[in-house]
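What follows is one structure encoded as structure tokens, with my remarks underneath.
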Amino acid sequence: MTAPKKILLLPGDGIGPEVTAVLRKVMDWFQQTGRTTFDITEGLIGGASYDAHGTPLTADTIAAAGKADAVILACVGGPKWEKVPFAVRPEAGLLGIRKEMGLFANLRPALVFDVLANASTLKPEIVAGLDIMIVRELLGGVYFGEPRGIETLPNGERRGFNTQSYTTSEIIRVARVAFELARKRGKKVHSVEKANVMESGILWKEEVTKLHAAEYKDIELLHMYADNCAMQLARNPKQFDVIVTDNLFGDVLSDLASMMTGSLGMLPSASLGAKEVSGRQAALYEPIHGSAPDIAGKGVANPLALILSYAMMLRYSFNMAAAADLLEKAVQNVLRAGVRTADIVEKGQTPVSTAVMGDAVVKELSRLAP
Ligand code: IPM
Ligand code: MG
């Protein structure tokens, strides 16, 4: 008998614990019905870890993540830790675990559920049926580039600086992920940079072009400047299939893309490392939303992004497409029935709590697959 797969669950901060409690119920349903036999443990990250241990990422959490077959994280950060030193802020824990796990490719799908087309601030005909995949490079660029810092100049003025840097191999490995995904989707990749002003963008464009010519001629490759991409996303998002871009542009463009879908509270993501020879691949799943301190503790947050992150985990890490489909279907049916948290509520609907949304999903799972 093979050992059960290990899942590490990291609730984090803000709305994290509330939405994780709901996810636990969904996970329990899959365990109790025998669809999964995971070995599930919880750990600390972000502000919660800082409060307990004085650091947002402990050696214990790093070790547990290393042993896990998949990690699922809710969100980190909040005003409570605004004054703590930069190096130990909650966000440093998130960046740290991405780095420790070698997660260089961040997959951020922006998929519009038909029933939510009216919840978007964009016109329904612009977003209905939208299905984009943003592949964000996650371990390079200004997020990690050296040198960086804040220094005082001889004249007493202060200077803050960061370094945008990409190597050939960093570009190629993430571009490869994008091309492979495109092959299973719409066969189109937009590579996004600012080659008109940045050397790192020139290199990005050249390397992606070379890789495409060598291995992916069956995929349509288009190049776009990041500012134009932002404009095109708002103008005609359905022209995109897969977008591959650097860490910072990917951060910004994925928030923009999320609003096409109605709410940041709906979007999951998967961060993946290199596939090892054994087939093993480090993976962390997380909603793209943050810790939403303004609504934390109120029980009104949308738990669906985290639940959908779990569906992504079932699909990508464990090849459990049927279970993932089932969960996504349950979410869709619940939305169709008009069960909505405040962020996606429409005229005439009464918003439900985080817990009620979770219970509705579990109930629908039981109905679909008794
Ligand atoms: C994200 C977040 C993080 C990022 C923050 C919390 C450090 O915005 O995952 O998009 O900038 O990568
Ligand atoms: Mg972000």
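The values are calculated or read from the model by the stated rules, or taken from the named source; none is laboratory data. Just so you know, these numbers come straight off a predicted model, no measurement behind them. A quick note on method: Cβ atoms are made from the backbone with ideal geometry, for glycine too, and the neighbour counts reach across all protein chains shown.
Within segment 68-106, take every residue that is part of a helix (DSSP H, G or I) and near ligand 1 (Cβ under 9 Å from one of its atoms) and give me the one that is surrounded by the most Cβ atoms within 10 Å (Cβ to Cβ).
Taking the candidates together, the pick is Pro90.
How many residues, within segment 271-291, are within 12 Å of ligand 1 (Cβ to nearest atom) and small (Gly, Ala, Ser)?
3
Looking at segment 1-53 only, could you name the residues that are polar (S, T, N, Q) and either closer than 20 Å to Leu284 by Cβ or not assigned by TED's automatic domain parsing to the domain that holds Leu306 (or both)?
Of everything in segment 1-53, those that are polar (S, T, N, Q) and either closer than 20 Å to Leu284 by Cβ or not assigned by TED's automatic domain parsing to the domain that holds Leu306 (or both) turn out to be Thr20, Thr36, Thr41, Ser49.
Which residues, counting only those in segment 238-262, are at pLDDT 95 or above, away from ligand 1 (no atom under 13 Å from the Cβ) and surrounded by fewer than 22 Cβ atoms within 10 Å (Cβ to Cβ)?
Lys238, Gln239, Asp241
Run Ala292 past the list (1) within 16 Å of ligand 2 (Cβ to nearest atom); (2) within 15 Å of Ala110 (Cα to Cα); (3) crowded, with 22+ Cβ neighbours inside 10 Å; (4) not charged (D, E, K, R) and report the number of the one that doesn't hold.
Of everything listed in (1) within 16 Å of ligand 2 (Cβ to nearest atom); (2) within 15 Å of Ala110 (Cα to Cα); (3) crowded, with 22+ Cβ neighbours inside 10 Å; (4) not charged (D, E, K, R), Ala292 misses just condition (2).
Yes/no per residue for (1) within 16 Å of ligand 2 (Cβ to nearest atom); (2) touching a strand residue (DSSP E or B) at 6+ places or on another chain (Cβ under 8 Å):
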residue	(1), (2)
Thr58	no, no
Thr61	no, yes
Glu82	no, no
Leu95	yes, no
Arg108	yes, yes
Val127	no, no
Ile134	yes, yes
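For Arg159, all conditions in the list (1) surrounded by fewer than 16 Cβ atoms within 10 Å (Cβ to Cβ); (2) within 22 Å of Phe104 (Cα to Cα); (3) free of Cβ contacts under 8 Å to residues at least 24 places away in the same chain; (4) in contact with an Asp or Glu (Cβ under 7 Å, 6 or more places away or on another chain) hold save one; what is the number of the exception?
Only one criterion is unmet by Arg159, namely (2).
Could you grab the pairs with beta carbons closer than 7 Å, sequence gap of 6+ or different chains, first residue in segment 252-273 and in contact (Cβ under 8 Å) with a residue 12 or more places away in the chain and in a helix (DSSP H, G or I), second one away from ligand 1 (no atom under 12 Å from the Cβ) and hydroxyl-bearing (Ser, Thr, Tyr)?
Leu253/Thr245; Met259/Ser120; Met259/Thr121; Met260/Ser120; Gly265/Thr341
When you look at Val88, is it in contact with a Lys or Arg (Cβ under 6 Å, 6 or more places away or on another chain) and either modelled with pLDDT under 95 or more than 15 Å from ligand 2 (Cβ to nearest atom) (or both), yes or no?
Judged against the criteria, Val88 is not a match.
Per-residue answers, yes or no, for (1) without any contact (Cβ under 8 Å) to a residue 24 or more places away in the chain; (2) touching a helix residue (DSSP H, G or I) at 6+ places or on another chain (Cβ under 7 Å); (3) not basic (Lys, Arg); (4) not assigned by TED's automatic domain parsing to the domain that holds Val252:
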site	(1), (2), (3), (4)
Arg173	no, no, no, no
Val177	no, no, yes, no
Ala182	no, no, yes, no
Ser191	no, yes, yes, no
Met198	no, no, yes, no
Tyr216	no, yes, yes, no
Asp227	no, no, yes, no
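For Asp294, indicate whether it is more than 20 Å from the chain's Cα centre (by Cα) and not hydrophobic (A, V, I, L, M, F, W, C). It would help to see each step written out before you state the result.
Numbers: more than 20 Å from the chain's Cα centre (by Cα): yes; not hydrophobic (A, V, I, L, M, F, W, C): yes.
Criteria met by Asp294.
Given the residues Ala182, Ala230, which is the only one that is more than 28 Å from Ala283 (Cβ to Cβ) and either crowded, with 20+ Cβ neighbours inside 10 Å or not basic (Lys, Arg) (or both)?
After applying the criteria, what remains is Ala230.
Specify which of the listed residues (Leu116, Leu122, Leu139) is buried (at least 22 other Cβ atoms within 10 Å of the Cβ) and either within 16 Å of ligand 2 (Cβ to nearest atom) or outside the structural domain of Gly201 (by TED's automatic domain parsing) (or both).
Leu116
Please go through segment 289-317 and give me each residue that is out of contact with any helix residue (DSSP H, G or I) (no Cβ under 9 Å at 6 or more places or on another chain) and touching a residue at least 40 places away in the same chain (Cβ under 8 Å), ordered by number.
Ser317
Under 7 Å between Cβ atoms, which residue pairs at least 6 apart in sequence (or on different chains) link something in segment 113-141 that is farther than 30 Å from Thr167 by Cα and of a type in the set (Phe, Trp, Tyr) with a partner that is surrounded by fewer than 18 Cβ atoms within 10 Å (Cβ to Cβ) and modelled with pLDDT of 85 or more?
If the second residue must be surrounded by fewer than 18 Cβ atoms within 10 Å (Cβ to Cβ) and modelled with pLDDT of 85 or more, the pairs left are Phe113/Gln332.
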